[in-house]
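Report on one structure; see the data block that follows.
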Amino acid sequence: MQKLIIEGGRRLKGELALQGSKNSSLPILAASLLCMDECVIRNCPELTDVYAAARILNCVGCRCTFSDNTAVIDPRTVSGTVIPGNLMREMRSSIIFMGAMLGRTGECTVSVPGGCELGPRPIDMHLAAMRKMGVDITETGGSIVCRSRGGRAKGAKLSLAFPSVGATENIILCAVTAEGETVVNNAAREPEICDLCGFLRACGADISGDGESRIAIKGKEKLCGCEYSVMPDRIAGATYLCMTAAAGGEMILSRACTAEMEPFLSALEQTGCSIFTSGDRIYLRSGSRLRAVRDRIRTMPHPGFPTDAQAVLMAALATADGTSVFEENIFDCRYRHTEALIKMGADIQVLGKVAIVRGVPRLHGAPAEATDLRGGAAMICAALAAEGTSEISRISHIDRGYEKIEEAVTALGGRISRV
Ligand code: UD1
């Protein structure tokens, strides 16, 4: 089992080009299944979750090769309809292959990835939407067998109880080749949804309203292949900015999606960091000590503050002057990183969905176990700010979402090694 060893207490300084988005790459890789020609997907980050998606594509008969952050997929040879449980379990978001498989073949057998590190992750909204689109679904012994009546899903008017990112993606994937029009009300508005729709439009899909609450999709008989470049990863971007904010110093984040990062940047700015954006570059300078954020940091669907950036901002605020309050509104179990931060000397009190962070003058290095992807990233932020050495284990969580994290931290002047 690999570990990351981090020597903290050094100011950071450097420039970093942001990786491509994990949360865009996964649905876009799934979407390539719908095409009748080769797809070339650039700026795809080299991550274990992305490799897991490639294995699913291989398993259903697609050739998928990967080099220099470019995935080349040949979906003409799709033959299977079953995604085995072991592949489904490798990655929680494997469920988005359901919509894509239904769109391509009219049927699929998948399984529910069990409860995860963020708490239970139900898929009731996904299943209810597919059923409304004329898909018969039977659940037996952990398998979910889906079959579109008449071999092709039907357009439907749908309204989501909550703007779920995954459910919105699954509906879009199923609807682009369905018969007739699908309308999704209360759709998720995350930038990664727009990126998925950008890819699908490049393949000939007819989609409008992505980025807004009402998305309309007119089904097409066939989609062609295309070349597409995945958007930058706004959460990895938030993480590297939080590292520098926490440790002190200055950095330039290039190839960033500045507009899409605005909800995060406006919260970070309240800590007293100087932040300037120009085109696709973000400059950040962090003075001697951050200020606590006065307004409660409430995680909300986009364009609210992103739940995925909650842990890393909390790590930065652990040593701020004053008390910051977080409210986690998306996942039930998203404060598991607080235990490790407390071990490093942070003063954090969790009361249900609220976490009260009283800034301490300094943190100290400590051994810590990554609890989940973003929680693990928060531990790296805290370790870089802390006096002394930290050893972070269970880093397979971190490798799911951060490309070559040691190289990135080293580019910022941090001391980190993998053993
Ligand atoms: C995606 C992101 C994840 C991010 C999350 C919220 C990917 C690969 N992952 O996850 O990084 O943290 O959006 O921005 O893009 N829910 C239900 N029933 C459902 C579906 C969801 O109750 O059928 C609940 C979930 O349990 C959760 C909330 O809705 O409490 C939000 O989940 P959702 O937006 O679906 O997140 P994911 O798509 O899983």
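The values are calculated or read from the model by the stated rules, or taken from the named source; none is laboratory data. These numbers come from a predicted model, not from an experiment. All Cβ positions, glycine included, derive from the backbone under ideal geometry; neighbour counts span all protein chains shown.
Return the pairs, sorted by first residue and then second, in which the second residue is outside any helix (DSSP H, G or I) and among the charged types (D, E, K, R), the first residue lies in the stretch 186-197 and is without any contact (Cβ under 8 Å) to a residue 60 or more places away in the chain, the beta carbons are less than 9 Å apart, and the residues are 6+ apart or on different chains.
Close Cβ pairs satisfying both conditions: Asn186/Arg214; Ala187/Asp210; Ala187/Glu212; Ala187/Arg214; Ile193/Asp210; Cys194/Asp210; Cys194/Glu260; Cys197/Asp210.
Count, please, the residues in the stretch 84-109 that happen to be β-branched (Val, Ile, Thr) and more than 16 Å from the ligand (Cβ to nearest atom).
Counting residues in the stretch 84-109 that are β-branched (Val, Ile, Thr) and more than 16 Å from the ligand (Cβ to nearest atom) gives 2.
Among residues belonging to the stretch 218-237 that are of a type in the set (A, V, I, L, M, F, W, C) and touching a helix residue (DSSP H, G or I) at 6+ places or on another chain (Cβ under 7 Å), point out the one that is farthest from Val40 (Cα to Cα).
Ile235
Any idea which of (1) within 13 Å of the ligand (Cβ to nearest atom); (2) in contact with a strand residue (DSSP E or B) (Cβ under 6 Å, 6 or more places away or on another chain) is the one Gly134 doesn't satisfy?
(1)
Please state which of the following conditions Pro45 fails to meet, knowing it meets all the rest: (1) farther than 28 Å from Gly134 by Cβ; (2) more than 16 Å from the ligand (Cβ to nearest atom); (3) assigned by TED's automatic domain parsing to the domain that holds Cys174.
All conditions pass for Pro45, except number (2).
Give the stretch 166-185 a look and list any residue that's away from the ligand (no atom under 11 Å from the Cβ), β-branched (Val, Ile, Thr) and free of Cβ contacts under 8 Å to residues at least 60 places away in the same chain, or say none.
Thr182, Val183, Val184
For (1) closer than 19 Å to Arg291 by Cα; (2) away from the ligand (no atom under 16 Å from the Cβ); (3) crowded, with 19+ Cβ neighbours inside 10 Å, each residue gets a yes or a no:
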position	(1), (2), (3)
Asn329	no, no, no
Asp332	no, no, no
Val360	yes, yes, no
His364	no, yes, no
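Condition first: buried (at least 21 other Cβ atoms within 10 Å of the Cβ) and either without any contact (Cβ under 8 Å) to a residue 40 or more places away in the chain or in a helix (DSSP H, G or I) (or both). Now tell me which residues in the stretch 135-153 satisfy that.
Val135, the sole residue that qualifies.
Could you please find all residues in the stretch 253-272 being assigned to a loop (DSSP other than H, G, I, E, B), among the hydrophobic types (A, V, I, L, M, F, W, C) and buried (at least 21 other Cβ atoms within 10 Å of the Cβ)?
Of everything in the stretch 253-272, those that are assigned to a loop (DSSP other than H, G, I, E, B), among the hydrophobic types (A, V, I, L, M, F, W, C) and buried (at least 21 other Cβ atoms within 10 Å of the Cβ) turn out to be Ala256, Met261.
Somewhere in the stretch 72-85, is a residue farther than 28 Å from Cys226 by Cβ and either touching a residue at least 60 places away in the same chain (Cβ under 8 Å) or of a type outside the set (S, T, N, Q) (or both)? Step through it out loud before you land on a result.
Of the residues in the stretch 72-85, the ones farther than 28 Å from Cys226 by Cβ are 84-85.
When the remaining residues are screened for being either touching a residue at least 60 places away in the same chain (Cβ under 8 Å) or of a type outside the set (S, T, N, Q) (or both), the result is 84-85.
Within the stretch 72-85 (the criterion being farther than 28 Å from Cys226 by Cβ and either touching a residue at least 60 places away in the same chain (Cβ under 8 Å) or of a type outside the set (S, T, N, Q) (or both)), the answer is yes, since at least one residue qualifies.
Among the residues in the stretch 63-71, are any surrounded by fewer than 18 Cβ atoms within 10 Å (Cβ to Cβ), in contact with a helix residue (DSSP H, G or I) (Cβ under 8 Å, 6 or more places away or on another chain) and in a helix (DSSP H, G or I)?
no
For every residue, the table says whether it meets (1) part of a strand (DSSP E or B); (2) within 16 Å of the ligand (Cβ to nearest atom); (3) outside the structural domain of Gly413 (by TED's automatic domain parsing); (4) over 21 Å from Ala100 (Cα atoms).
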| residue | (1), (2), (3), (4) |
| --- | --- |
| Pro27 | no, yes, yes, no |
| Ala30 | no, yes, yes, no |
| Ile41 | yes, yes, yes, no |
| Ala52 | no, yes, yes, no |
| Asn58 | no, no, yes, no |
| Ser79 | no, no, yes, no |
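Could you tell me how many of the residues in the stretch 51-71 are of a type in the set (A, V, I, L, M, F, W, C) and more than 20 Å from Cys224 (Cα to Cα)?
Matching residues across the stretch 51-71 total 5.
Can you work out which of the residues in the stretch 294-338 that are out of contact with any helix residue (DSSP H, G or I) (no Cβ under 8 Å at 6 or more places or on another chain), basic (Lys, Arg) and assigned to a loop (DSSP other than H, G, I, E, B) is modelled with the lowest pLDDT?
Looking at residues that are out of contact with any helix residue (DSSP H, G or I) (no Cβ under 8 Å at 6 or more places or on another chain), basic (Lys, Arg) and assigned to a loop (DSSP other than H, G, I, E, B), I get Arg294.
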